[in-house]
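The structure under discussion appears below in the form of structure tokens.
The values are calculated or read from the model by the stated rules, or taken from the named source; none is laboratory data. Bear in mind the structure is a predicted one, so any value in this text is a computation, not a measurement. All Cβ positions, glycine included, derive from the backbone under ideal geometry; neighbour counts span all protein chains shown. Just the protein is used for accessible areas: all its heavy atoms, side chains included, with ligands, DNA and RNA removed. Shrake-Rupley method; radii C 1.70, N 1.55, O 1.52, S 1.80 Å.
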Amino acid sequence: MSISPAELEVILLSLKVALWCVGISLLPALVMAWLLARREFYGKTALNVLVHLPIVLPPVVVGYFLLVLLGNRGPIGGWLLEYFGISLIFNWKGVVAATAVMAFPFITRAIRQAIEAVDRTLEVAALTLGRPPFMVFLTITLPLILPGILAGITLGFARALGEFGATITFVANIPGETQTLPLAIYTLLQTPNAETAVWRLVIISVVLAFAAIALSEWLTRRSVRRLGGGI
Amino acid sequence: MASDIRLKKSFGRFHLNAEFNAEDGLTALFGPSGAGKTLLAQMLAGLVTPDEGHIEIAGRTLFSSAKGINVPAHQRHIGFVFQEHRLFPHFSVRGNLTYGSGRRAGKAPPVSFDKVVDILGLTALLERKPASLSGGERQRVAIGRAILSNPKILVMDEPLSSLDDARKAEILPLIEDLKSEFNLTTLYISHSIEEIARLADTLLLLDKGEMKAVGPISNILNRLDLIPFAGGYDAGTLIEATVTVYEPGHHMLTLKTESGGKLYITGSAKEIGSPVRLRIRARDVALSETEPKSISILNRFKGRVIDHCSGAQGMEELLLDVGFPLTARITRKSFEEMKLKKDSPVWALVKAVTISRS
């Protein structure tokens with residue numbers, strides 16, 4: 001089965017969006033996971049709820065909020081447009097924003113669980129050996145939570161590939177601009193006699209999902225082996 | 001090395017109040033579980049903040065509630081060996097050992113990696129990961145790691161408590177070797193009187209957060225009033241002696257104590273001339289009014305009673321002078337039947353086989 005130019009466009013856009021989504025979410029998710037796992041501060045519960053909101057809200061509702069906040073006349077969208085000339089409406093950057101908001105809680109959660117599982121006595125030991133806290137984080141904590149970070153990346157990537165509701169609500173379904181795999185499948189489902197085309201995209205989706213999981217498993221095994229434990 | 005430590009900390013109804021100088025050599029912090037030993041060590045290392053007090057080590061103030069000084073843990077130059085090994089699982093043994101070695105304690109030359117690895121017998125393990133090591137090996141690496149971080153003072157918080165007796169016996173001599181090789185000021189925490197008798201120069205007794213005594217270990221162990229805190233049932237006298245004679249047919253050694261007394265134990269020829277530290281448990285000492293004849297006991301000391309006090313459950317604790325101080329424990333019944341009192345002349349009998357080498 002050879003892939004048509006139209007299908008390739010959909011696949012590449014989906015991959016581009018998913019990579020950007022993970023790329024821009026990872027560092028904030030790491031910081032957020034750290035705050036939620038390690039710090040006590042006023043409003044922590046509220047922040048925790050806010051982060052997890054996209055998991056429990058209907059995606060269409062999230063998309064609508066994005067439209068209100070990130071639209072060209074919205075409080076954040078207007079600011080982005082005025083100072084950076086970035087418009088998120090009806091283009092692939094908007095898709096990245098929508099998928100990032102949806103993927104963020106999953107990435108944060110995976111990393112947070114990893115941070116909570118870290119034996120903190122190891123960090124204390126590292127401190128007594130004379131390394132300052134940030135170096136301890138880089139040399140002890142970060143390597144130890146690497147499997148969790150990889151899990152977060154996989155979850156975020158998969159979330160971004162599969163995101164539908166928030167995306168279509170926020171940036172519509174424009175071929176070549178905002179039409180990722182699920183949106184393309186949705187469009188084809190509405191087209192008469194397109195069963196074969198639907199099947200092709202469905203198979204591609206499944207293959208991509210498997211590839212992502214296989215890659216992440218491989219990376220996780222490698223990093224676990226580096227930790228000296230076996231599976 | 002000048003050090004001045006005065007600390008107070010309260011948790012609910014528990015109050016820790018400690019005040020001492022960590023001298024050169026090994027200071028043992030001894031006391032039962034819950035005495036506050038670990039808490040004290042953690043405050044020294046900057047892992048717990050005292051309520052009030054003052055920590056000065058090698059002329060550097062690490063903590064002062066009055067002056068508002070609280071040096072963070074990573075800048076204190078205090079090496080810490082924890083009860084559990086706490087090795088970094090993602091580093092090899094070598095990586096663990098060198099993790100803190102970039103630190104320098106003032107102008108002192110860095111501790112030699114090769115020497116530490118050699119003494120602790122880690123050469124063959126350097127490229128292994130902690131997960132593949134045995135418990136004893138892990139703790140050896142942890143000790144090496146702390147020493148290689150070039151600390152001004154080394155704190156060992158019950159480093160052997162997670163190990164079985166065989167592993168303990170394997171590591172104790174290594175700690176002695178490290179002590180003589182590097183001459184590090186060390187604070188050694190333990191609730192085992194055997195370990196302490198073997199390693200300590202100075203003894204600091206802690207009980208329920210209160211300091212009971214501090215001083216040279218042999219003095220403290222000979223104080224009758226401290227017996228409940230310094231070993232209790234296993235309490236005894238520490239004797240420094242030198243091997244003078246070896247009797248080949250019986251593997252017998254004759255030892256001379258610092259004050260000139262003679263002692264007999266078993267041993268090997270190669271020990272002639274070497275110093276040994278012995279421990280005679282008070283409960284292993286028998287008393288007699290006259291010199292017993294035809295008896296298997298080799299160590300018979302003529303002396304007198306210096307002091308006595310009643311001990312636990314029908315026991316009487318005695319301090320004797322038999323050319324050196326010796327504590328003895330007999331039943332109150334024997335004590336009364338022998339009509340012993342201060343200055344009573346007495347023979348102390350100690351079976352050679354009950355004397356343990358520290």
task = Determine the dipole magnitude for chain B: charges of +1 sit on the beta-carbon of Lys and Arg, -1 on that of Asp and Glu, nothing else is charged, the reference point is the Cα centre, and the result goes in debye to the nearest 20.
result = 420
remark   = Extension length gain for residue B:67 and residue B:161 (0.36 nm per residue less Cα distance), in nm, is 30.1 nm
note = P(r) over all Cα-Cα pairs of the stretch B:3-221, 10 Å bins from 0 to the longest distance, whole percent per bin, short to long, reads 8, 35, 37, 18, 2
ask   = List for the stretch A:96-131: residues with 30 Å² or greater reduction in accessible area, all protein chains versus chain alone, probe 1.4 Å?
value = A:121, A:122, A:124, A:125, A:127, A:128, A:129, A:130, A:131
query = On the accessible surface of the protein assembly as shown, probed at 1.4 Å, how many percent belong to carbon and sulfur atoms?
reply = 59
note = Between residue B:155 and residues 5 or more places away or on another chain, the pairs with built amide H atoms under 5 Å apart involve B:79, B:80, B:81, B:187
query = Which of the GluC sites (Glu not before Pro) found in the stretch B:212-278 are loop residues per DSSP with 13 or fewer other Cβ atoms within 10 Å of their Cβ?
reply = B:258
note = Set B:37/B:212; B:256/B:302; B:115/B:168; B:67/B:208; B:293/B:351, cut-off 19 Å on Cα-Cα distance; pairs above it are B:115/B:168; B:67/B:208
task = Averaging sequence separations of C-alpha pairs under 8 Å and six or more residues apart, then dividing by the length of the stretch B:3-221, give the relative contact order as a whole percent.
result = 31
query = When the dipole is taken about the Cα centre of the protein assembly as shown, and only Lys, Arg (+1) and Asp, Glu (-1) are charged at their Cβ, what size is it in debye, to the nearest 20?
reply = 200
Using alpha-carbon coordinates, inclination of helix A:92-117 to the longest axis of chain A, degrees = 30
remark   = So the A/B interface buries, both sides summed and with a 1.4 Å probe, an accessible area in Å² (nearest 100) of 1800
message = Suppose we flag trypsin sites (Lys or Arg not before Pro) only when DSSP calls them loop and at most 16 other Cβ atoms lie within 10 Å. Which is the longest uninterrupted stretch of chain A?
response = A:74-231
note = Checking rank on B:311-318, B:27-34, with mean other Cβ inside 10 Å and highest first, the result is B:27-34, B:311-318
message = Check which residues have an amide H placed less than 5 Å from residue B:207's amide H, if you skip close sequence neighbours.
response = B:212
task = At 1.4 Å probe size, with every protein chain present, just tell me what the per residue accessible area of the protein assembly as shown comes to in Å².
result = 47
query = Within straight cross-link reach of residue A:93, meaning Cα distance under 28 Å, which lysines are found once same-chain residues fewer than 8 apart are removed?
reply = A:16
query = Within the stretch B:3-221, what percent of beta bridges assigned by DSSP are antiparallel, to the nearest 5?
reply = 60
remark   = CD proxy, 222 nm, the protein assembly as shown: helix-only mean residue ellipticity via -39,500 (n - 2.57) per DSSP H run with n ≥ 4, per residue, nearest 500, stands at -13500 deg cm²/dmol
request  = Lys and Arg at +1, Asp and Glu at -1: add these up for the other residues within a Cβ distance under 14 Å of residue A:112 and post the number.
outcome  = +3
query = Taking the Cβ of residue A:81 as the center, what net charge do the other residues with Cβ under 14 Å away carry, scoring Lys and Arg +1 and Asp and Glu -1?
reply = +1
